[in-house]
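Below you'll find the structure, written out as structure tokens, and then a few comments.
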Amino acid sequence: MRLGLLVLGSAVALSAAPAATQPTFNKDVLPVVQKNCQACHRPGEAAPFSLLTYDSARPWAKAIKTAVLSRKMPPWFADPKYGHFVNDARLKDADVQTIVAWVDAGAPEGEAKDKPAPIEWREGWNVKPDVVISLLKPYTVPDKAVVPWLDFVVPTHFTKDTWVAAAEVRAGARSVVHHSTVSFVPPGPNNKELDALATGEPVKLPRGLNAESLVGLGPGAPAKRFDAYDAAVLIPAGSYLIFNMHYTSNGKEAADQTRVGLELATYEPKNQLIQVLAGDDGSTNAGNLKILPGDASAPGHGSVTFAKPVVLASLNPHMHLRGKDFVYRAVYPTGETEILLNVPRFDYAWQPGYRFEKPLELPAGTRLEMDGHWDNSANNPNNPDATVTVKWGQQIWEEMFGGGITVLVPRGTDPRGLVKKENLRGVRAAAAPAAPAADLRNEQ
């Protein structure tokens with residue numbers, strides 16, 4: 001009898017146990033998208049729909065499930081075997097399962113009391129600009145035309161050396177701005193010429209300008225913070241900005257007046273941040289690049305050698321629509337080699353840059369080699385035409401090969417002496433790089 005009562009009591013207890021709580025948007029999903037998605041998925045940003053509220057997210061529930069299960073979103077392309085990056089966008093497995101369970105349960109909203117406080121996004125800017133510098137006047141993009149890359153000169157009117165902690169480019173007419181890069185030219189022998197070119201009209205720049213990269217706007221490119229490593233970019237007094245604009249017509253005439261916002265450092269930092277634009281070694285430059293029709297793995301190679309010790313902060317590979325993969329490798333003065341970044345599936349639509357959790361010290365004489373491939377076959381869904389021979393060019397249906405390299409150096413370092421001249425962008429290397437001796441990371 002006691003046994004029967006015990007079994008009956010257990011059955012009653014089991015039947016009274018609450019069912020597993022189904023995840024809701026307000027309690028479980030919203031914290032995940034706030035942390036990982038809303039920077040892009042909000043009005044005025046790159047993503048095609050907003051995830052700020054349940055009402056804006058609910059129609060996309062099934063698409064969100066598919067995107068997170070396939071790891072298509074959030075976009076991240078670095079091979080996890082090499083390097084650790086502070087901006088790694090991958091969702092944790094538990095977060096993926098939370099989103100999947102929410103969708104499978106019918107995507108319920110949940111109780112309003114469970115919602116976390118909303119993030120106070122700054123409309124129009126992701127940095128807090130102290131200085132905003134615009135194109136001197138709007139530029140009209142025609143409704144139908146292939147617009148070449150255009151350069152505009154804008155004086156900074158800085159009366160003193162200025163340390164920049166963060167920078168962001170904002171387009172005036174985002175629908176026609178494919179990308180923009182902003183660099184600065186310190187005062188020098190070209191001052192009078194640059195003054196004359198600062199008219200608001202596109203110009204042909206003087207040859208040999210000592211331009212230094214600052215920030216860009218492009219596919220998947222966020223605002224840039226330089227102060228994460230106790231660093232900032234130094235813009236000398238009297239410098240000029242160069243806005244390089246890539247416009248694309250979309251069937252409707254539009255006027256654009258792109259601007260750059262600069263968040264100034266509140267103190268002189270320990271490190272000066274310098275961005276090196278490393279290009280090809282000559283074999284894949286404007287004169288020699290030739291990707292044959294149907295070639296599914298056409299190789300590209302580039303390198304840059306540092307004449308002084310530097311601390312490597314981030315890497316940013318760049319190709320166009322036929323880009324397939326990209327690897328950065330350090331070749332140390334000892335002959336040892338180390339893979340720093342491997343992007344096995346390059347995606348032109350997303351070029352976030354890869355910022356190291358722990359910056360890497362590179363001794364003088366270290367060579368950074370870049371190897372990649374293009375896919376000009378019909379199997380490449382991004383390929384606009386697999387039947388043509390592709391050459392170097394600025395338009396996205398042409399190709400490029402190169403990469404941004406961000407380094408830290410002691411404050412006051414002259415950037416002109418960092419890179420050996422034979423490895424500067426567009427200058428052919430005197431000889432092919434030596435074969436790597438050993439990959440340190442693979443030996444660990």
Distant-in-sequence amide H partners of residue 351 (H built 1.01 Å from N, under 5 Å)
220, 221
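About its Cα centre, how strong a charge dipole does region 129-269 have in debye, to the nearest 20, once Lys and Arg get +1 and Asp and Glu get -1 at the Cβ?
Here region 129-269 has a charge dipole of around 400 debye.
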In what sequence do 76, 121 fall when counting other Cβ within 10 Å, fewest first?
121, 76
The list (i) 1.01; (ii) 0.98; (iii) 1.04 gives values of Rg/Rh (Cα atoms, Kirkwood Rh), and only one came from this structure; which label was calculated from it?
(iii)
Quick one: which residues, 5 or more positions from residue 130 or on another chain, have an amide H under 5 Å from its amide H? H modelled 1.01 Å from N in the peptide plane, none for Pro or chain starts.
262, 263, 264
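Which of the trypsin sites (Lys or Arg not before Pro) found in region 172-263 are in a DSSP loop and have at most 15 neighbouring Cβ atoms, other than their own, within 10 Å? Can you show the working numbers first?
Details: sites: 174, 192, 204, 207, 224, 225, 252, 259; in loops: 204, 207, 252.
Here the trypsin sites (Lys or Arg not before Pro) that fit, given the DSSP loop and packing criteria, are 204, 207, 252.
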Rounded to the nearest 0.05, what FRET efficiency do residue 117 and residue 55 give with R0 = 25 Å and r taken as the Cβ-Cβ distance? Could you check?
0.85
Amide H proximity to residue 289 below 5 Å, modelled H, separation 5+ or other chain, gives 392
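Is the shape of region 205-318 best called rounded, prolate or oblate, per the rule: a/c under 1.5 gives rounded, else a/b larger than b/c gives prolate, else oblate, with a ≥ b ≥ c the square roots of the Cα gyration tensor eigenvalues?
It is oblate, given that a/c is not under 1.5 and a/b is not larger than b/c.
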Past 30 Å, Cα to Cα, is the threshold; run 72/308; 35/160; 252/290; 62/92; 144/192 against it and keep the listed order.
72/308; 35/160; 252/290; 144/192
Where is the GNM fluctuation largest for the chain (alpha-carbon springs, 10 angstrom cutoff): 381, 222, 186?
381
So which helices of the chain fit the span-like rule, where a helix is a whole DSSP H run, its Cα atoms reach 20 Å or more along the axis, and its mean Kyte-Doolittle is at least 1.0?
2-16
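What's the extension gain from residue 97 to residue 364 if we count 0.36 nm per residue and subtract their Cα-Cα distance? Please list the in-between numbers first.
Numbers: separation 267, 0.36 × 267 = 96.12 nm, distance 4.66 nm.
Here the answer is 91.5 nm.
A short reminder: the numbers here are calculations on the coordinates, not readings from a lab. Please read these numbers as outputs of a predicted model, since none were measured by experiment. Note that we place each Cβ from the backbone using ideal geometry, even for glycine, and neighbour counts take in every protein chain shown.
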